[in-house]
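Q: If you scroll down you'll find the structure; I have some questions about it.
The values are calculated or read from the model by the stated rules, or taken from the named source; none is laboratory data. As the structure is a computational prediction, the values presented were derived from the model and not from experiment. Methodologically, a virtual Cβ is constructed for each residue, glycine included, from the backbone with ideal geometry; neighbour enumeration extends over all protein chains shown.
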Amino acid sequence: MPKDEIFQETVTRVEKPSSHYTLLRAPNGDFLGASDDGLGTFDYVDDKAIWDADGETYRHVATGLVVETESPCSKDGRYLRHGAKWLASDGTLSDAAALFTTGHGPAHLPSEYLKSFRENGWVCFPSIIAPDIIEELERVSYTGRWEESGEFDRSMAPMLQTAAVAKIATEPVSLWLMRQYMGVQDIRLGHSPGFAILPKDDGKRNVQGWHSDFPYLWGIAGRIPDRIPVHQVDGLVLGVQRNLCVSEFRKENGATCFKLGSHASGEGPPAEWGTGNANKTPGHREARGLPYTGPDADVVEAPPGSYIVYDSRTWHRAGVNRTPHKRAAMLQAVIPMFMLPFRDTSRIYKQFINGPFPDELTELEKRELEALMVSRMLSPDGPLAITIDDELTERIRLPE
C-alpha cells in the first residue's frame with residue numbers, strides 16, 4: 001500500500017443526539033405502547049412503544065395519544081393516567097394504577113433504523129445505552145473515567161462482573177431490529193458478550209486483518225473449516241454483529257474499519273488488503289506493514305453508548321489506536337437459533353443466574369437473556385437445553 005494512503009480511511013461521523021425518545025416500562029419490564037386497538041404493553045420495542053416526554057406528560061409518537069403522570073417522578077416509578085382513568089400494569093385503562101418506570105430510548109424511530117439497515121447493511125444507534133450503564137462498563141473494563149484504576153480482569157466473563165452486560169445484551173430496539181433483518185424471531189448470542197480493549201499502538205504489534213464475522217469468518221479460513229462458504233442467496237442472513245461503543249469511537253483511537261456495503265458482494269476480503277489469517281502471523285507487520293488503511297475503507301465514528309450493528313458478512317477489522325488512552329467496545333455476534341454458536345454460552349448463563357445480578361433485571365430482561373444464551377432442541381417431551389458434553393469433547397480432541 002502506498003505510504004500516502006496510510007490512515008486515509010473515509011470517515012462517517014454519527015453525532016451525539018440532542019434528545020432521545022422515552023420508553024415506559026410496566027412492572028414486569030414490558031413496554032407501554034399504543035396501536036389501533038388502544039393502549040397496551042408489548043414485549044418488544046418498535047414504533048408502537050416510542051414516547052416523547054414533555055414535562056409530566058408523554059405523547060405517543062405514532063398516534064399522538066397522550067398519557068400524564070399523576071405523581072412525582074421517583075426511582076420506583078410513576079403512576080400514569082389517560083383522561084380520567086389510570087393505566088393498569090398491562091397498559092389498559094383501569095380504576096387501579098400501576099407503577100411505570102421511564103427508560104432511555106432511541107434518538108429516531110425503530111422503523112427508520114430498520115429501513116437504513118436494510119438499505120445499507122449497517123446502522124448506528126447513537127448513544128442508545130444510558131450513560132450510567134456506560135460508566136459501569138468503563139468501571140469493569142478500566143477504561144474511560146476508570147482507566148487509571150487498574151486492569152480488566154480477564155479471568156472472569158464480563159457478564160459475571162456486572163449486571164450492565166445483561167442490560168446491554170437485552171437492549172430492546174436493537175433486538176427488534178436484528179430479528180426483523182434476519183427474518184427470524186428466535187435469535188441467540190454466538191458467544192458471551194466480550195470486551196475488545198485496544199491499547200495505544202506501539203508501532204510493532206500486529207494489527208487485526210480484514211475479515212467477516214461469525215458465522216461466515218471469511219478471511220479467517222481454517223479457524224472453522226468451511227463453516228459458511230462464500231455464497232449469495234437473496235434474503236438469507238445468518239448473522240448480525242452488534243458492537244457497543246463503550247468509549248467514543250474515533251479514527252485516531254482505533255474505531256473499527258469497514259468496507260461498507262461489502263456484505264452484498266458475496267465474497268470475502270481480498271488477500272491484498274491483508275486478511276485475518278495473514279496479519280495474525282508473528283512478524284507480519286514488520287515484514288509487510290499494516291493491512292489496507294486507504295480511502296476505499298471506511299471508519300464509523302460514534303459517541304459512547306452507541307450500537308453499531310452490521311451484517312456479519314461486512315469486511316472489517318480493528319483500527320489502530322494512536323492516542324494514549326485505551327478504547328473499549330463490547331462485541332456481540334448474533335445468529336438465528338438454528339445456527340450452531342461459536343462458543344457455548346450456557347455455562348456462563350448458569351453462573352449468571354446463580355449469582356447476585358438477576359435481581360437487577362426485569363422479568364422481560366430475564367426472559368430475553370435466557371433466549372439469547374440457551375440453545376434448545378425439541379423433543380416429544382418438550383424443549384431441551386443443549387450444552388457441551390465434557391466426555392465427548394475430550395474424545396474428539398484425541399489425536400487420530
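Q: Within the range 156-167, identify whether any single residue is touching a strand residue (DSSP E or B) at 6+ places or on another chain (Cβ under 7 Å), closer than 30 Å to residue 108 by Cβ and hydrophobic (A, V, I, L, M, F, W, C), and answer yes or no.
A: Restricting attention to the range 156-167, the residues satisfying the condition of being touching a strand residue (DSSP E or B) at 6+ places or on another chain (Cβ under 7 Å) are 158.
Within this subset, residues satisfying the condition of being closer than 30 Å to residue 108 by Cβ are 158.
With the extra rule that they be hydrophobic (A, V, I, L, M, F, W, C), the set shrinks to none.
Checking the range 156-167: not a single residue is touching a strand residue (DSSP E or B) at 6+ places or on another chain (Cβ under 7 Å), closer than 30 Å to residue 108 by Cβ and hydrophobic (A, V, I, L, M, F, W, C).
Q: Taking residue 114 as meeting all but one of (1) among the hydrophobic types (A, V, I, L, M, F, W, C); (2) out of contact with any Leu (no Cβ under 8 Å at 6 or more places or on another chain); (3) modelled with pLDDT of 95 or more, write down the number of the exception.
A: (2)
Q: Given the condition among the small types (Gly, Ala, Ser), under 30 Å from residue 303 (Cβ atoms) and either surrounded by 11 or more Cβ atoms within 10 Å (Cβ to Cβ) or touching a residue at least 12 places away in the same chain (Cβ under 8 Å) (or both), answer yes or no: does some residue in the range 368-378 qualify?
A: Within the range 368-378 (the criterion being among the small types (Gly, Ala, Ser), under 30 Å from residue 303 (Cβ atoms) and either surrounded by 11 or more Cβ atoms within 10 Å (Cβ to Cβ) or touching a residue at least 12 places away in the same chain (Cβ under 8 Å) (or both)), the answer is yes, since at least one residue qualifies.
Q: Here's another thing I want to ask about it. Kindly indicate whether residue 7 is of a type in the set (Phe, Trp, Tyr), within 28 Å of the chain's Cα centre (by Cα), closer than 25 Å to residue 304 by Cβ and at pLDDT below 95.
A: The answer is yes for residue 7.
Q: Sticking with this one: I'd like to know if the range 369-392 contains one or more residues that are at pLDDT 95 or above, over 26 Å from residue 108 (Cα atoms) and charged (D, E, K, R).
A: yes
Q: Among the residues of the range 276-320 satisfying the criterion of being of a type in the set (D, E, K, R) and assigned to a helix (DSSP H, G or I), which is nearest to residue 339 (Cα to Cα)?
A: By that ranking, first place goes to 285.
Q: Which condition from (1) in contact with a Leu (Cβ under 9 Å, 6 or more places away or on another chain); (2) at pLDDT below 95; (3) buried (at least 19 other Cβ atoms within 10 Å of the Cβ) is the one that residue 293 breaks?
A: Unmet for residue 293, out of (1) in contact with a Leu (Cβ under 9 Å, 6 or more places away or on another chain); (2) at pLDDT below 95; (3) buried (at least 19 other Cβ atoms within 10 Å of the Cβ): (1).
Q: Please enumerate the residues belonging to the range 237-279 that are of a type in the set (D, E, K, R) and either in contact with a strand residue (DSSP E or B) (Cβ under 7 Å, 6 or more places away or on another chain) or under 14 Å from residue 297 (Cβ atoms) (or both).
A: Correct list: 242, 250, 251, 259, 272.
Q: Return a yes/no flag: does the range 107-125 have any residue that is crowded, with 16+ Cβ neighbours inside 10 Å and within 21 Å of residue 373 (Cα to Cα).
A: So far as the range 107-125 goes, no, none of its residues is crowded, with 16+ Cβ neighbours inside 10 Å and within 21 Å of residue 373 (Cα to Cα).
Q: Can you confirm whether the range 324-343 contains a residue that is more than 30 Å from residue 115 (Cβ to Cβ) and aromatic (Phe, Trp, Tyr)?
A: no
Q: Here's a follow-up. Identify, please: which residue in the range 140-196 is among the polar types (S, T, N, Q) and in a helix (DSSP H, G or I) and is, among those, modelled with the lowest pLDDT?
A: Filtering the range 140-196 for residues that are among the polar types (S, T, N, Q) and in a helix (DSSP H, G or I), the one modelled with the lowest pLDDT comes out as 149.
Q: Follow-up. For the range 17-31, which positions are surrounded by fewer than 18 Cβ atoms within 10 Å (Cβ to Cβ) and closer than 16 Å to residue 97 by Cβ?
A: 27, 28
Q: Consider the range 371-400. How many of its residues are under 12 Å from residue 337 (Cα atoms) and of a type outside the set (Gly, Ala, Ser)?
A: Within the range 371-400, residues that are under 12 Å from residue 337 (Cα atoms) and of a type outside the set (Gly, Ala, Ser) number 6.
Q: Here is a follow-up. Could we say that residue 363 is of a type in the set (Asp, Glu) and crowded, with 20+ Cβ neighbours inside 10 Å here? Reasoning before the result, please.
A: Values: of a type in the set (Asp, Glu): yes; crowded, with 20+ Cβ neighbours inside 10 Å: no.
Against the criterion (of a type in the set (Asp, Glu) and crowded, with 20+ Cβ neighbours inside 10 Å), residue 363 does not qualify.
Q: Say whether the condition of being in a helix (DSSP H, G or I) and touching a residue at least 40 places away in the same chain (Cβ under 8 Å) is met by at least one residue in the range 325-346.
A: yes
Q: Okay, moving on. Might you check whether a residue that is buried (at least 16 other Cβ atoms within 10 Å of the Cβ), at pLDDT below 95, assigned to a strand (DSSP E or B) and of a type in the set (S, T, N, Q) occurs anywhere in the range 39-56?
A: No; the residues of the range 39-56 include none that is buried (at least 16 other Cβ atoms within 10 Å of the Cβ), at pLDDT below 95, assigned to a strand (DSSP E or B) and of a type in the set (S, T, N, Q).
Q: From the residues in the range 162-203 that are among the charged types (D, E, K, R) and either out of contact with any helix residue (DSSP H, G or I) (no Cβ under 7 Å at 6 or more places or on another chain) or under 19 Å from residue 215 (Cβ atoms) (or both), which one is surrounded by the most Cβ atoms within 10 Å (Cβ to Cβ)?
A: 171
Q: Would you mind stating whether residue 292 is farther than 17 Å from residue 13 by Cβ and hydroxyl-bearing (Ser, Thr, Tyr)?
A: So residue 292 passes the test.
Q: Also, I was wondering about something else. Assess whether residue 96 counts as being exposed (fewer than 14 other Cβ atoms within 10 Å of the Cβ) and hydrophobic (A, V, I, L, M, F, W, C).
A: Against the criterion (exposed (fewer than 14 other Cβ atoms within 10 Å of the Cβ) and hydrophobic (A, V, I, L, M, F, W, C)), residue 96 qualifies.
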